[in-house]
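Asker: I'd like to ask some things about the structure below.
Throughout, read-outs are computed from the coordinates displayed, never taken from laboratory work. Keep in mind it's a predicted model, so treat the numbers as computed, not measured. Every residue, glycine as well, gets a Cβ built from its backbone with ideal geometry; the counts of neighbours run over all protein chains shown.
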Amino acid sequence: MTDSRPRRFDLIAFDWDGTLYDSTRLIVRCIQAAVVDVGGARPSENDAAWVIGLGLAEALARAAPDVPREKYAELGARYRYHYLKHQDDLVLFDGVLPLLDALQDRGHRLAVATGKSRRGLNEALATVALRERFDASRTADETFGKPHPRMLLELMEELEVPAERTLMIGDTTHDLQLAINAGCASVGVSYGAHEPDNFGALQPLYVAHSVFGLKQWLLDNA
């Protein structure tokens, strides 16, 4: 049966890693290994997790403050080497596909706003057969990294949806700050890279502790 309740949001933009895709632990390990490979001090799990969601270059630079700038290209190459070795091991969180299907059935436009590269996102979309479920996407290397609002502003412009009808969903403070900077509402998820205790000051409408909980809130409130 079609849900006849009025929509509060026409566009729902999702972060990728740690929100839809169960990749946080792998990304942390790859960042740590890459830094060590180029002679830097191994960042802690918390420090490596904090930079998830930023553009790759900025993330690696912040995770490895003792690595000189001339080694950044090598650092990025080592990260990609480690990530690609295990990319096929990654999966969507349980319940993501039914969540996206339910939102499409209600007429929401769906988008991805991610710190991944365009190449990386396209490979992920192809791997899990998700391309047809999203109306648009933006990556850090074709706009600006989070929390700069450019990627979300471009999505709203492309899909012709105003900020007050747009909702950003993500697992990091970078995602929630992105929403604020773009003039949009946000929802956080607690099962990704950042501790939800840090979300309060960024005023998400809700913090979901599972994909199932996220789905229920969105169907009731979005």
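Asker: In terms of Cα to Cα distance under 18 Å, which aspartates and glutamates are near enough to Lys215, apart from those fewer than 8 places away along the same chain?
Answerer: Within the straight-line cut-off, Lys215 pairs with Asp3, Asp10, Asp15, Asp17, Asp22, Asp94, Asp101, Asp105, Asp171.
Asker: Over all alpha-carbon pairs of region 24-89, lay out the pair-distance distribution in 5 Å bins, whole %, shortest bin first.
Answerer: 3, 22, 35, 26, 12, 2, 0
Asker: Can you divide the C-alpha Rg of the chain by 2.2 N^0.38 Å and report the result to two decimal places?
Answerer: Numbers: Rg = 17.0 Å, N = 222, 2.2 N^0.38 = 17.1 Å.
Against the compact-globule rule of thumb, the ratio is 0.99.
Asker: Calculated FRET efficiency, Ile180 and Asp37, Cβ-Cβ r, R0 41 Å, to nearest 0.05? Walk me through the numbers before you get to the answer.
Answerer: Working: r = 36 Å, r/R0 = 0.87.
Computed FRET efficiency for Ile180 and Asp37: 0.70.
Asker: Could you name the aspartates and glutamates whose alpha carbon sits less than 20 Å from that of Lys71, not counting residues in the same chain fewer than 8 places away?
Answerer: Candidates past the 8-residue exclusion: Asp37, Asp47, Glu58, Asp141.
Asker: Sticking with this structure for a sec: Could you state the number of Å between the C-alpha centres of region 139-206 and region 42-96?
Answerer: Going from one Cα centre to the other spans 20 Å.
Asker: Can you put Arg8, Arg69 in order, fewest other beta carbons within 10 Å first?
Answerer: Final ranking by Cβ density, sparse to dense: Arg69, Arg8.
Asker: Would you mind checking the tilt of helix 118-127 against the longest principal axis of the Cα atoms of the chain, expressed as 0 to 90 degrees and rounded to 10?
Answerer: Taking the Cα atoms of the chain, the angle to 118-127 is about 60 degrees.
Asker: Sticking with this one: So how tilted is helix 24-37 from the main axis of the chain? Cα-based, degrees 0 to 90, rounded to 10.
Answerer: Tilt relative to the chain: about 20 degrees.
Asker: May I ask for the angle, rounded to the nearest 10°, between helix 173-182 and the longest principal axis of the chain, with both axes built from Cα atoms and the value confined to 0 to 90°?
Answerer: Taking Cα atoms only, the helix is inclined about 50 degrees.
Asker: Hey, what number do you get for the chain at 222 nm if only DSSP H runs of n ≥ 4 count, each worth -39500 (n - 2.57), divided across all residues, to the nearest 500?
Answerer: Theoretical 222 nm ellipticity from helices: -12500 deg cm²/dmol.
Asker: For region 174-222, state the semi-axes of the equivalent ellipsoid (square roots of 5 times the eigenvalues of the alpha-carbon gyration tensor), sorted largest first and rounded to whole angstrom.
Answerer: The answer is 17, 14, 8 Å, longest axis first.
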